[in-house]
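Laboratory data are not the source of any read-out in this text; all were calculated from the coordinates shown. Predicted model only: the values in this text are computed from it and were never measured. Reconstructed Cβ throughout: ideal geometry from the backbone, glycine too, with neighbour counts over all protein chains shown.
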Amino acid sequence: MVGDILRALFGGGGNVVAETAEVFRVNAEAADARAAGMQRAALDQMAAEFGTGQRGVFDRVVDGLNRLPRPAMALGTLGLLGSAMVDPLWFGERMAGLALVPEPLWWLLGAIVSFYFGARHQAKGQAFQRGLAETLARAPQVLATVEGLRALRHDSPGAADPGPDARATLAATAPADNPALAEWRAGR
C-alpha cells in the first residue's frame, strides 16, 4: 500500500508533487529558459533589423557627401573670424548683406540645419544600436572564453591536479635536488 502511494506521488512517468507545486509557484528553471529564449529572439530580431550588408560605391559617396556640411560650417565660421581680422571692410560688407536677409529665410535655414543634424543623429543612433546588438550577441561567447581563461590560472582550484596519473602525483610530491638550496646551505 505504501509502495502504491509513493508510486502515485513520484512514479509513473510524472511527479505529482512537482506538478502540484507548479500550480502555485512558477518553475524557476522553465521561467529562466523562457526568458533566455525571449532575449535571444529579441537580439536576433534587432540584428536582422539593423543587419549589415555590402555597401555599394553610391552609398559610400552619399555618406561622404553627408559628412561635408558640419566641417564646412565649422571651417567657414573660423574663416569668417579670420577674415574679420585680416580685412574688416570686406567682412563688414558681407555682414551688412546678411542683415538684409528677411527673418522667415533665417527660420527656413534653421529648420533645414535642424533637420540635417536630426537625421544625422538618428542615423548614428541606429548604427549605435546595431553595434550594441552585435556586441550583446557575442557576450555569451566572450563570457565562456573568460571563464576558460580563469580556469587556467595558477591559483584556481584544481589547476595543478594531476588527475588519475599516479606517476605525475609521485613526481610532484617526491623531493628533488635543488642545487641553489644546497649552495645556500653550504654557505651558511
Exercise. Quick one, which of (i) 19.7, 64; (ii) 36.3, 112; (iii) 15.4, 46 is the actual Rg and Dmax of the Cα atoms in Å calculated for this model?
Worked result: (ii)
Seminar exercise, completed: Total charge of the residues flanking residue 47 in space, meaning their Cβ is under 14 Å from its Cβ, with Lys and Arg +1 and Asp and Glu -1, is 0
Problem set entry | Nearest-ten-degree value, helix 103-151 long axis tilted from longest Cα axis of the chain | 20
Problem set entry | Cβ-derived FRET efficiency at R0 35 Å, residue 75 paired with residue 128, nearest 0.05 | 0.85
Exercise. What trypsin sites (Lys or Arg not before Pro) does segment 29-82 have in DSSP loop regions with at most 14 other beta carbons within 10 Å?
Worked result: 55, 67
For this session: Over the chain, calculate the relative contact order: mean separation of alpha carbon pairs under 8 Å at least 6 apart, over the residue count, as a percent.
Result: 20
For this session: Name the most mobile residue of 128, 117, 91, meaning the one with the largest mean-square fluctuation, in a Gaussian network model of the chain with Cα contacts below 10 Å.
Result: 91
